[in-house]
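The values are calculated or read from the model by the stated rules, or taken from the named source; none is laboratory data. Keep in mind it's a predicted model, so treat the numbers as computed, not measured. Ideal geometry is used to build each Cβ from the backbone, glycine not excepted, and the neighbour counts take in all protein chains shown. The accessibility values were calculated without ligands, DNA or RNA, using every heavy atom of the protein model including side chains. Shrake-Rupley method; radii C 1.70, N 1.55, O 1.52, S 1.80 Å.
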Amino acid sequence: MSEPILLSARALDFYYGPVRALSNICLDVPARCITALIGPSGCGKSTFLRCLNRMNDLIPGARAEGSLTFHGREIYARGVDVTALRRRIGMVFQKPNLFPMSIYDNVAYGPRLHGVRSRAALDETVERSLRSAAIWEEVKNRLRRPALGLSGGQQQRLCIARALAVEPEVLLLDEATSALDPLSTARIETLLGELKTRYTLVLVTHNMQQAARVSDRTAFFLNGELVETGSTDRIFSMPRDRRTEAYLTGHFG
């Protein structure tokens with residue numbers, strides 16, 4: 001593997017109260033690649049994704065056991081600054097979750113929260129982030145208009161811009177295109193291919209064709225376990241586990 005390992009899970013278990021949602025997950029996420037997490041609903045892929053920036057901390061009774069590291073440091077260690085972690089590992093959700101404010105203020109929100117006050121610096125960050133999310137040309141003349149007036153596909157790209165504004169290393173996408181039309185989905189898939197040259201992306205998707213199109217590596221989850229992982233080409237052409245083959249060929253899920 002040419003790229004260094006950025007995130008690594010070893011014997012990771014995760015619980016919602018007494019219910020074990022993940023069991024003995026061992027998975028490496030290389031830098032500057034797109035890793036797709038696939039599997040049927042309820043298999044644990046979104047739970048694993050949310051472990052990576054500790055979004056599950058917001059759920060009472062949730063806890064992790066085992067090892068999960070970022071740059072070799074334990075994500076769940078005592079004393080970890082979770083706010084700083086989430087700045088480095090951003091997240092985009094299934095449905096656009098924009099704030100009821102202008103396009104500009106949505107993108108500037110994160111930098112302001114982290115202490116950026118200079119108008120020139122904010123202007124530069126907003127433009128750079130919107131360009132990176134391939135939406136600058138569509139919104140540059142209406143930055144002060146409400147973000148909620150954008151189309152669904154534009155709103156999702158704006159969410160990506162907002163995540164990029166705090167300069168993360170990793171971008172997590174939880175079914176980020178599932179609510180979009182095919183044209184908007186195609187635009188975001190193209191965008192992801194451009195972003196992976198600068199960021200590490202981890203994508204949860206139910207769309208097998210999407211995983212095959214955009215990802216470099218694929219991990220198949222089933223019943224809270226990681227069945228197998230490898231290059232996307234290999235997983236889709238020569239799966240080593242019969243359960244993976246059965247899922248990919250539509251026999252369940």
Ratio Rg/Rh [Cα only; Rh per Kirkwood] for the range 1-79 = 0.96
Mean projected area (nm²) of the alpha-carbon convex hull when the range 57-156 is viewed from all directions = 8.5 nm²
In a GNM of the chain with a 10 Å cut-off on Cα contacts, which of 62, 161, 134 has the highest mean-square fluctuation?
-> 62
Within the under-12-Å Cβ sphere about residue 174, not counting residue 174, Lys/Arg +1 and Asp/Glu -1 give a net charge of +2
Using a 1.4 Å probe, what is the accessible area per residue for the chain, in Å²?
-> 47 Å²
Expressed as a percent, the accessible surface of the range 106-212 that is carbon or sulfur, using a 1.4 Å probe and the full set of protein chains, is 52 percent
Have a look at 232, 190, 205 and tell me which one the Gaussian network model of the chain (Cα, springs below 10 Å) gives the largest fluctuation.
-> 190
Pick out, in residue order, every one of the trypsin sites (Lys or Arg not before Pro) in the range 178-241 that is DSSP loop and has at most 16 other C-beta atoms within 10 Å; say none if there are none.
-> 198, 240
For residue 228, the residues 5 or more places away or on another chain with a placed amide H closer than 5 Å to its own amide H are 220
Equivalent ellipsoid semi-axes for the chain, as square roots of 5 times the alpha carbon gyration tensor eigenvalues: give them largest first, rounded to whole Å.
-> 31, 22, 16
What size of dipole, in debye to the nearest 20, comes out for the chain about its Cα centre when the only charges are +1 on Lys and Arg C-beta atoms and -1 on Asp and Glu C-beta atoms?
-> 580 debye
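Would you please give the FRET efficiency between residue 101 and residue 194, computed as 1/(1 + (r/R0)^6) with r the Cβ-Cβ distance and R0 = 25 Å, to the nearest 0.05?
Computed FRET efficiency for residue 101 and residue 194 comes out at 0.40.
Sort largest first and round to whole Å: the equivalent ellipsoid semi-axes of the range 151-219, each the square root of five times a Cα gyration tensor eigenvalue. Write out the running numbers ahead of the final one.
Values: eigenvalues 59, 52, 19 Å².
Gyration-tensor ellipsoid for the range 151-219: 17, 16, 10 Å.
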In a Gaussian network model over the chain where Cα atoms closer than 10 Å are linked, find which of 203, 49, 58 has the largest mean-square fluctuation.
-> 58
In the neighborhood of residue 244, defined by Cβ-to-Cβ distances under 11 Å, what is the net charge if each Lys or Arg adds +1 and each Asp or Glu adds -1?
-> +1
